[in-house]
Amino acid sequence: MNKQSINTIDQNKMQKFMNKIVNDVAGTSTAMLVIIGERLGLYTTMMEANGPVSVKELASMTGTVERLLKEWLANQVASGYIEYDPINSKYLLPLEHALALSDEKSPIYIQGIFKAIKSYFKDEEEFLKAFRGERNLTWMDHNHLMAEGFAEFFKSGYMGNLIEKWIPLIDGGNVLLNLKKGAKVADVGCGFGITTLMMAKEYPNSSFMGFDFDKEVIKKANDSAKKEGINNVKFEVSLASEFPGSDYDFITFFDCLHDMGDPEDALTHVRNVIKKDDRGGSNSGTCMIVEPFAQNELENNINPVASTFYAASALICVPNSLAFNGPALGAQAGENKIKDIVMRGGFSIFKRVTETPLNIVYEVKP
């Protein structure tokens with residue numbers, strides 16, 4: 001950089017950017033300590049303590065080294081995760097923070113995303129090869145923490161929304177009525193079967209099938225169903241464009257359509273196997289597509305949530321689609337691209353039903 005260009009630097013702009021870099025470095029550094037806090041049960045212990053604790057008390061309760069724990073707590077205080085009382089030298093995990101950090105049943109439980117981020121660093125060399133065009137990188141090629149982490153991350157949002165909010169809004173409440181009476185349901189790209197099992201448990205009169213192309217997650221999904229004693233659900237290995245069955249009343253895609261090698265073909269198949277009402281009435285089946293929240297244009301996706309999803313998209317979603325010569329919609333595809341792929345799949349009705357800070361829910365009908 002020459003002297004003239006140095007003289008034209010906007011010092012305020014440079015300082016603002018450096019502050020941004022420092023925040024990113026702090027967040028990245030803190031991520032490992034959050035993982036340590038979860039794995040050692042530090043957050044859970046602080047939550048169960050039901051009040052402020054000293055370093056010595058927490059070390060005794062968790063069987064950890066007091067000096068190391070003191071430094072961990074200092075990071076957590078500096079990062080805003082834990083509160084500190086300097087007069088009594090005690091630390092407190094607020095209930096509002098505990099819901100995100102230590103309560104697995106909370107709709108804002110966040111630990112899964114840290115597990116997924118840990119997988120990124122384990123797969124660094126494979127990412128480099130993919131970017132250089134030296135290898136394909138499918139969903140199954142990642143470190144196992146990736147799939148497990150994102151399953152946990154999205155599960156929180158599903159727990160807080162799927163049964164109580166999303167399903168009652170689909171098709172003006174008709175889907176909910178059918179599920180209560182007894183409907184035939186397919187959950188496409190079901191992964192570990194989290195959403196499938198949630199629905200099957202809630203609607204025992206309906207029958208559920210979960211489909212995914214990953215043999216390992218399907219095995220785990222069937223194991224979970226058996227362990228929980230849920231008998232109205234079954235999981236099978238299948239491509240999204242080939243899953244068996246017909247006359248489905250309800251078909252779902254949860255945060256997976258944008259990953260697929262051929263989402264149009266998958267939707268065309270859905271159009272063929274979903275229940276049809278020859279009279280053009282309301283008795284035809286309904287498809288619900290849940291996608292990551294995104295605006296249509298990059299310039300309108302400048303925020304931390306979009307940044308997180310773009311990172312996942314660059315490392316996971318787009319490589320998986322490209323590995324199958326797909327359109328690589330990406331995790332921030334936006335409503336216009338999703339609607340376009342739905343219409344090309346042969347559907348006539350597409351509408352945005354609701355949204356959360358993390359997801360958009362679409363209703364699709366023949």
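Details
- Residue within the range 98-106 that is touching a helix residue (DSSP H, G or I) at 6+ places or on another chain (Cβ under 7 Å), assigned to a loop (DSSP other than H, G, I, E, B), surrounded by 12 or more Cβ atoms within 10 Å (Cβ to Cβ) and not β-branched (V, I, T) present: yes
- When the range 253-280 is limited to residues that are of a type in the set (K, R) and surrounded by fewer than 18 Cβ atoms within 10 Å (Cβ to Cβ), the one that is farthest from the chain's Cα centre (by Cα) turns out to be R279.
- Residue match in the range 126-135 (condition: within 23 Å of V217 (Cβ to Cβ), assigned to a helix (DSSP H, G or I) and free of Cβ contacts under 8 Å to residues at least 60 places away in the same chain): yes
- Any hit, the range 139-161, residues being on the phi < 0 side of the Ramachandran plot, assigned to a loop (DSSP other than H, G, I, E, B) and touching a helix residue (DSSP H, G or I) at 6+ places or on another chain (Cβ under 7 Å): yes
- Filter pass, S119 being within 20 Å of F309 (Cβ to Cβ), of a type in the set (S, T, N, Q) and modelled with pLDDT under 95: no
- Among the criteria (1) within 28 Å of the chain's Cα centre (by Cα); (2) surrounded by fewer than 18 Cβ atoms within 10 Å (Cβ to Cβ); (3) not in a helix (DSSP H, G or I), the one Y81 does not fulfil is (2).
- Meets criteria (surrounded by 19 or more Cβ atoms within 10 Å (Cβ to Cβ), in the same structural domain as V270 (by TED's automatic domain parsing), touching a residue at least 24 places away in the same chain (Cβ under 8 Å) and not hydrophobic (A, V, I, L, M, F, W, C)) for G182: no
- Any chance M14 is surrounded by 10 or more Cβ atoms within 10 Å (Cβ to Cβ) and at pLDDT below 95: yes
- Looking only at residues of the range 30-77 that are polar (S, T, N, Q) and touching a residue at least 12 places away in the same chain (Cβ under 8 Å), we find that the one that is nearest to L101 (Cα to Cα) is T44.
- Residue match in the range 108-127 (condition: surrounded by 15 or more Cβ atoms within 10 Å (Cβ to Cβ), under 30 Å from L179 (Cα atoms), outside the structural domain of A323 (by TED's automatic domain parsing) and of a type outside the set (V, I, T)): yes
- Test: N232 is surrounded by fewer than 18 Cβ atoms within 10 Å (Cβ to Cβ), among the polar types (S, T, N, Q), touching a residue at least 24 places away in the same chain (Cβ under 8 Å) and over 27 Å from G149 (Cβ atoms): yes
- Qualifying positions in the range 204-235 - acidic (D, E) and over 22 Å from A266 (Cβ atoms): D223, E228
- Residue within the range 47-57 that is hydroxyl-bearing (S, T, Y), on the phi < 0 side of the Ramachandran plot, part of a helix (DSSP H, G or I) and surrounded by 10 or more Cβ atoms within 10 Å (Cβ to Cβ) present: no
- Given (1) surrounded by fewer than 17 Cβ atoms within 10 Å (Cβ to Cβ); (2) over 18 Å from G193 (Cβ atoms); (3) in contact with a helix residue (DSSP H, G or I) (Cβ under 6 Å, 6 or more places away or on another chain), index of the condition N283 fails: (3)
- The residues listed here are I194, I170; of these, the one that is surrounded by 23 or more Cβ atoms within 10 Å (Cβ to Cβ), touching a helix residue (DSSP H, G or I) at 6+ places or on another chain (Cβ under 9 Å) and in the same structural domain as I338 (by TED's automatic domain parsing) is I170.
The values are calculated or read from the model by the stated rules, or taken from the named source; none is laboratory data. What you see is a predicted model; the values in this text were computed from it and never measured. Please note: Cβ atoms are built from the backbone with ideal geometry, for glycine as well, and neighbour counts cover all protein chains shown.
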